[in-house]
Amino acid sequence: LVAEDAVDEALINEMNDHMPTIVVKGDRLLDVARVFKTHPTLDCSYLRNVSGIDYETHLEVVYHLVSLATRHEYALKVKTDREAPQIPSVVSLWATANWNEREIFDLLGIGFTGHPDLRRIMMPDDWVGHPLRKDYEPLDPEV
């Protein structure tokens with residue numbers, strides 16, 4: 001419903017209760033997310049969780065969506081590069097994404113374009129680096 005090139009991959013995640021999972025291109029995320037929220041059959045009005053993952057070769061953000069009417073669950077994944085990680089914010093669709101996206105920004109360094117208040121949420125403002133990155137080197141390894 002969005003575009004032929006919007007989806008990179010679609011699969012059934014057997015390890016996660018056979019959850020339908022779609023890997024979406026970053027520039028199409030907002031359009032795909034809007035379909036999941038507003039399409040009458042999908043009706044994903046609830047964003048359960050947003051998480052960020054460092055795979056060393058790339059970074060990824062996963063959105064766990066739920067239809068409260070049907071109790072169906074879906075996962076949307078977006079991959080981004082490590083050097084300038086950036087994807088669109090979904091706060092305009094699900095307000096609950098606000099703090100999740102801030103946490104991912106703070107701990108993994110992924111920027112969310114269009115986020116209304118993208119700033120650190122856990123680490124001090126003057127903290128250097130992103131502690132959940134696999135290549136992160138703490139200033140004091142004892143801590």
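The values are calculated or read from the model by the stated rules, or taken from the named source; none is laboratory data. Quick caveat, the model's predicted, so the values are computed rather than measured. Positions of Cβ are generated from backbone atoms using ideal geometry, with glycine treated the same way; all protein chains shown enter the neighbour counts. Calculation scope for accessible area: heavy atoms of the full protein, side chains included, ligands and nucleic acids excluded. Shrake-Rupley method; radii C 1.70, N 1.55, O 1.52, S 1.80 Å.
Looking for whichever is in contact (Cβ under 8 Å) with a residue 24 or more places away in the chain, open to solvent by 30 Å² or more (accessible area, probe 1.4 Å) and within 24 Å of PHE112 (Cβ to Cβ) here; the options are ASP31, ASP43. Which one fits?
Just one listed residue meets the conditions, ASP31.
Being in a strand (DSSP E or B) and small (Gly, Ala, Ser), is that true of even one residue in region 15-30? Break it down stepwise before answering.
Kept after step one, since they are in a strand (DSSP E or B), are these residues of region 15-30: 19-24.
Narrowing further to those that are small (Gly, Ala, Ser): none.
Looking through region 15-30, none of the residues is in a strand (DSSP E or B) and small (Gly, Ala, Ser).
Being within 22 Å of LEU65 (Cβ to Cβ), buried (at least 17 other Cβ atoms within 10 Å of the Cβ) and more than 13 Å from the chain's Cα centre (by Cα): is that true of LEU108 here?
Judged against the criteria, LEU108 is not a match.
Look through region 82-124, keep the residues that are of a type in the set (Asp, Glu) and out of contact with any strand residue (DSSP E or B) (no Cβ under 9 Å at 6 or more places or on another chain), and return whichever of them is nearest to GLY52 (Cα to Cα).
Only one residue tops the list, namely ASP106.
Does ASP27 qualify as being on the phi > 0 side of the Ramachandran plot and either touching a Cys at 6+ places or on another chain (Cβ under 9 Å) or modelled with pLDDT of 90 or more (or both)? So that I can check it myself, show each step before the final result.
Numbers: on the phi > 0 side of the Ramachandran plot: no; either touching a Cys at 6+ places or on another chain (Cβ under 9 Å) or modelled with pLDDT of 90 or more (or both): yes.
No, not satisfied.
Residue pairs, Cβ under 7 Å, 6 or more apart or interchain, first in region 1-14 and in contact (Cβ under 8 Å) with a residue 60 or more places away in the chain, second assigned to a loop (DSSP other than H, G, I, E, B). List them.
These pairs meet every condition: ASP8/LYS25.
What number goes with the only condition from (1) open to solvent by 70 Å² or more (accessible area, probe 1.4 Å); (2) touching a His at 6+ places or on another chain (Cβ under 6 Å) that GLU101 does not pass?
(1)
A quick yes/no check of all residues on (1) touching a helix residue (DSSP H, G or I) at 6+ places or on another chain (Cβ under 7 Å); (2) under 24 Å from PRO131 (Cα atoms):
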{"site": "LEU65", "(1), (2)": "yes, no"}
{"site": "LEU68", "(1), (2)": "no, no"}
{"site": "ASP81", "(1), (2)": "no, yes"}
{"site": "ASN98", "(1), (2)": "no, yes"}
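Could you list, in sequence order, the residues of region 49-84 that are basic (Lys, Arg) and exposed (fewer than 15 other Cβ atoms within 10 Å of the Cβ)?
Matches in region 49-84: ARG71 only.
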